[in-house]
Amino acid sequence: MLKRRFLLLLLLAGMSSLAQEKKNKERVEKANFRVQIFQKSDDTEIKLAEPDPEFRDKLPISAAIRDSSKVKLEDLPQAKTIDSLWKLELTNSELFENMQKSIREQDYEEVVYKDLPTDTLKARLAKLNARTPFNVEYNPILESVIKSYLKRNKQGMERLMALSSYYFPMFEQELDKYDIPLEIKYLAIVESALNPRAKSRVGATGLWQFMFTTGKMHGLDVSSYVDERMDPERATEAAAQYLASLYKVFGDWDLVLASYNSGPGNVSKAIRRSGGSTDYWHLRRFLPRETAGYVPAFLATLYLFEYADEHNFQPSKPDVVYFETDTIKVKQLLSFDQISKVTGVEKEMLQFLNPSYKLDIIPFVEDEQYSVRLPKPATGKFVSNESAIYDFIENQMVEEKKALPKYVETEDRIRYKVRSGDYLGKIAEKYGVGISSIKRWNNMRGNTLRIGQYLTIYPRKPVEVASNNTSGDSDKSSNPRIYTVKNGDSLWSISKKFPGVTVQNLRSWNDMNTNSLKPGMKLKLSKG
C-alpha cells in the first residue's frame, strides 16, 4: 500500500514538473515572439490568436515598412465602402456653377408648382420667421425662387443636403463661438455650393468665397502649395469673424448677407438712395443685380432645408462626417500618394479632407502649422507608427529624387499674354486650371485666342515670374519678395502694388518703427 502511494506521488511530481517545464517554454516563446514581430522576414506570416494590445496596432506598418509595395495600415471601413458616385459628389463643381447661374439669371416670374399652395407656404414661412433673426416673411419674389428650386433643382438640392451632413456640424460650432445665428450655415451653399475649391469668375475662392485681399486681412495665406481660403476650418472661422464685424456695423442680418455679397459700401449707397430705409426688400432695387438675387436664394435654401421632409427630399448619407476625422501636424513634407500608401486612405478621400493643398502635397515650413486631416481610425495608427512612416517616406523620396516646387507666397492672379502657338488647353495645363475656368474668368464664349491678348488667370500651380529689366518694377520681376524703394514711394503706395500686402505687414516684416523711407532701401514683401 505504501509502495503504491509512493509511486503515485512520483507520478504526480513528474507530471507537475512536465507542466511547469511546458509553461516555462511557452513564456520563453512568448518573449521571443515579441522580438520577432520586428524582425520577421517579408515572406513569413505571423498569426496572433490573442494579440498583445501594445503591439497589435504596430504590426502592419512595422512588419512591412521595408517593402514599399506592402506598406499600409489596416484597411479603413470608410475608405473601403466609399461609393464611386459619392466620391464624385465630393469634388463636383457643377453644383457651384448651377447655383451661381440660378442667382444671376433668376427671372422671378410666377412659377406654377401645385404641390406647394401659396397658403401653405405662407404658414410655413411665418413659422420660420418666428424662430429666426432673418426676415422670412412671405414675398412673391421669394415664392418664385422656392418653387423654381423645387421644380427645376430638386436633385441638386438633394446632393447639397448630402454634403451638408459633412460640413454643417463644423459650421455650427464656429458660428456659435461668435454668437452668429446657426442659419448662416446655409450661406455657404449659396456662396460655393459647399465646394471648398470653388472659384468664381472674379477670383473669390473657397466655401465662403473670400477674395485674395479680404482673405489676407483675415489671416488666410496663399502660397505655391497652400490656399487657406480652401481650408474648411480656417475659412469658416474667418467668415464668422467677418460676419460678426458686419453685424456690428449694420445690426441687421439681412443687410449683413447683402454686404457679405456686394460689400458694405454698396449697401450703404443703397440705404442712401432709398431715402434711409434699412429694410432689405425696400433696398433690393438699389443693389447690384447679383445681390438682389442673393438674399432670396439664401432664404429659399433655408426654407428647403428646414422643410426637406415635407417635400420628400431623400439625400444620400456620407461615409465619413467632419467629427469622425482628426488632424496631425506634419513634421516633414508629405504627398497624398505617400500618405495613401501607408494608411490605406484613398487619395480621393485625402483630397476631400484636405482641399487647401493645391498640389496634393503638404509642405513643412518652420513657422507654419500645416496638418493632414485623416479619418479617426487612421490617425491613431499614423501617430503610433510616425517615426517609421517618416523614415520610409524620406528614403522613398531619396530614391525617386523628385524635384519639388519651391515654397513661395503667391499672387492671387496673373495677367498672361498670349504667345504664338498658345491654345487654351496648353495654358490651362501650365497653370493647373480648367479650360472652362479660363473662359469664365475672361468672359470668353469660344476657344479662339489672339496673339498679344491678355488673359486673367488664377493659377493653382506655382508660377515662375520672368524677369523684365525694362519694367518699372524690375525688382518685383527678378525677386518677387524684395522691393527697392524709389523716389516718391511710401509704405502705402508700395502696399498697393502688391495685392494682399498691407502697411502693417511691411513694417512688421522689415522691423520698422517709422514710416520713413529712403530711395534704394530694400524691403521684404513676405515673412522671413
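Shown in residue order for segment 356-366 are the 3J(HN,Hα) couplings computed by the Karplus curve 6.51 cos²θ - 1.76 cosθ + 1.60 at θ = phi - 60°: 7, 8, 5, 10, 6, 9, 9, x, 10, 10, 3 Hz (x for Gly and Pro). If the chain linking Lys154 and Ile328 were pulled fully straight, counting 0.36 nm for each residue of separation and taking away their Cα-Cα distance, it would gain 58.8 nm.
With the simple model of a label 7 Å out from the Cα in the direction of the Cβ, Ile482 to Asp115 spans 6.6 nm. Round to a whole angstrom and tell me the spacing of the C-alpha centers of segment 252-322 and segment 158-178. Here the two parts' Cα centres lie 17 Å apart.
In the context of the full set of protein chains, segment 139-233 has a per residue accessible area of 29 Å² (1.4 Å probe). Applying 1/(1 + (r/R0)^6) with r as the Cβ-Cβ distance of Asp360 and Val202 and R0 = 22 angstrom yields a FRET efficiency of 0.25. Cross-linked pairs Lys154/Lys358; Lys341/Lys439; Lys269/Lys524; Lys101/Lys248; Lys199/Lys426; Lys114/Lys317: Cα-Cα separations exceed 27 Å for Lys154/Lys358; Lys341/Lys439; Lys269/Lys524; Lys101/Lys248; Lys114/Lys317. Rounded to the nearest Hz, the phi-derived 3J(HN,Hα) couplings of segment 235-244 under the Karplus curve 6.51 cos²θ - 1.76 cosθ + 1.60 (θ = phi - 60°) are 5, 5, 5, 4, 5, 4, 4, 5, 4, 4, where x marks glycine and proline. Computed from phi, the 3J(HN,Hα) profile of segment 182-191 under the Karplus parametrisation 6.51, -1.76, 1.60 (θ = phi - 60°) reads 5, 4, 4, 4, 5, 4, 5, 5, 5, 6 Hz, with x in place of Gly and Pro. With a 1.4 Å probe rolled over the protein heavy atoms of all chains, the accessible area of Arg445, Arg124 falls in the order Arg445, Arg124, largest first. Note on Ser526 and His282: with the Förster distance fixed at 45 Å, the Cβ-Cβ geometry gives a FRET efficiency of about 0.45. In this label model, Asp367 and Ser436 are separated by 4.0 nm, measuring between points 7 Å along each Cα→Cβ vector. Around the amide H of Thr325, modelled in the peptide plane, lie the amide H atoms of Lys376, all under 5 Å away and 5 or more residues distant in sequence or on another chain. Packing-based ranking of 185-197, 167-179 yields 185-197, 167-179, ordered from highest to lowest mean Cβ neighbour count within 10 Å. Label separation (Asn513 vs Thr213): 3.2 nm, computed from points 7 Å beyond Cα along the C-beta direction. Extension gain for the segment Arg273 to Ser387, taken as residue separation times 0.36 nm less the Cα-Cα distance, is 34.6 nm to one decimal. Gain on full extension, evaluated as 0.36 nm per residue between Asp107 and Glu310 minus their Cα-Cα distance, stands at 70.5 nm.
The values are calculated or read from the model by the stated rules, or taken from the named source; none is laboratory data. On a predicted model such as this, the values are computed, not experimentally measured, just so you know. As a convention, Cβ positions derive from the backbone with ideal geometry for all residues, glycine included, and neighbour counts pool all protein chains shown. Each accessible area value is taken on the protein alone, full model and side chains, heavy atoms only, with ligands, DNA and RNA left out. Shrake-Rupley method; radii C 1.70, N 1.55, O 1.52, S 1.80 Å.
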